[in-house]
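So the structure is just underneath, and the comments pick up after that.
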Amino acid sequence: MSPDGRFVASTTSNSRGQNLVVRSLDRLDPRFLVGTAGARDPAVSPDSRQITFWANDQIKRLPVDGGPVVSVGSVPGRPLGLSWAADGHIYFGRGAEGGERP
């Protein structure tokens, strides 16, 4: 849910693969965002103008109204969720990286 309460960002799987969609709360039809193939874990910026997501070992962002997808940084292995904080930083969780614990 966007901080301003205008839309919901989510992922969907269909014949195009897994993509990011935005649905305004005053409309029924979602809008697919171009360049978001493989998107997971969307998070909306504090000003509700951009969305960040993880795909192909990268954290990426793009404007909600459309525009170029920009890589923010490399994060190999899927994070456990993303959060775009009021301080402007994008935080993500990490779990145990496999293997046995002593």
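Please give the FRET efficiency for residue 47 paired with residue 14, using the beta carbon to beta carbon distance and R0 = 41 Å, rounded to the nearest 0.05.
Numbers: r = 30 Å, r/R0 = 0.72.
For R0 = 41 Å, the calculated efficiency reads 0.90.
Calculate one ³J(HN,Hα) per residue across the range 45-56 by plugging θ = phi - 60° into the Karplus curve 6.51 cos²θ - 1.76 cosθ + 1.60, and present them in order as whole Hz with x for glycine and proline.
Working through the residues one at a time gives 5, x, 8, 6, 9, 9, 10, 10, 7, 10, 7, 6 Hz.
Which percent of the accessible heavy-atom area of the chain goes to carbon and sulfur, probe 1.4 angstrom?
The C+S portion of the solvent-accessible surface of the chain is 50 percent.
With the crude spin-label approximation of a point 7 Å out along Cα→Cβ, what separation in nm comes out for residue 37 versus residue 83?
Once both label points are built, they end up 3.3 nm from each other.
Take every Cα-Cα pair in the chain and report what % of them are more than 25 Å apart.
On the way: 987 of 5151 pairs.
Summing the P(r) of the chain above 25 Å gives 19 percent of all pairs.
Let me check I have the definition right: for the range 52-91, take the eigenvalues of the Cα gyration tensor, multiply each by 5, take square roots. What are those semi-axes in whole Å, largest first?
Semi-axes (√(5λ), whole Å): 16, 14, 8.
Let me check I've understood the local charge: for residue 58, count other residues with C-beta under 14 angstrom from its C-beta, Lys and Arg +1, Asp and Glu -1. What total comes out?
On the way: positive: 40, 60, 61, 78; negative: 41, 57.
Spelling it out: positives minus negatives among the neighbours equals +2.
If you take the charge dipole of the chain about its Cα centre, with +1 on Lys and Arg Cβ and -1 on Asp and Glu Cβ, which of 71, 14, 3 is farthest toward its positive end?
Projecting each Cα onto the dipole axis, the largest value belongs to 14.
Note down the net charge around residue 7, summing +1 for each Lys or Arg and -1 for each Asp or Glu among other residues with Cβ under 14 Å from its Cβ.
Taking every Cβ under 14 Å from that of residue 7, the sum is 0.
Give the accessible surface of the chain per residue, rounded to a whole number of Å², with probe radius 1.4 Å and ligands, DNA and RNA excluded.
Roughly 62 Å² per residue, with all protein chains present.
Tabulate in residue order the Karplus-calculated ³J(HN,Hα) for the range 69-79, using 6.51 cos²θ - 1.76 cosθ + 1.60 with θ = phi - 60°, rounded to whole Hz; enter x for Gly and Pro.
For the range 69-79, the Karplus curve yields 7, 10, 6, 8, x, 8, 9, x, x, 4, x Hz.
Treating the beta-carbon of each Lys and Arg as +1 and of each Asp and Glu as -1, no other charges, what is the dipole magnitude of the chain about its Cα centre, to the nearest 20 debye?
Its charge dipole is roughly 200 debye.
Could you work out the relative contact order of the range 1-85? I mean the mean sequence separation of Cα pairs under 8 Å and 6+ apart, divided by the number of residues, in percent.
Computed over the range 1-85, the figure is 22 percent.
Would you please name the trypsin sites (Lys or Arg not before Pro) within the range 1-76 that are DSSP coil residues with at most 11 other C-beta atoms within 10 Å of their C-beta?
Sites meeting the loop and neighbour criteria: 16, 27.
The values are calculated or read from the model by the stated rules, or taken from the named source; none is laboratory data. Quantities reported herein were computed from a predicted structural model and do not represent experimental measurements. Ideal geometry is used to build each Cβ from the backbone, glycine not excepted, and the neighbour counts take in all protein chains shown. To get the accessible areas, we keep the full protein, side chains included, count just its heavy atoms, and leave off ligands, DNA and RNA. Shrake-Rupley method; radii C 1.70, N 1.55, O 1.52, S 1.80 Å.
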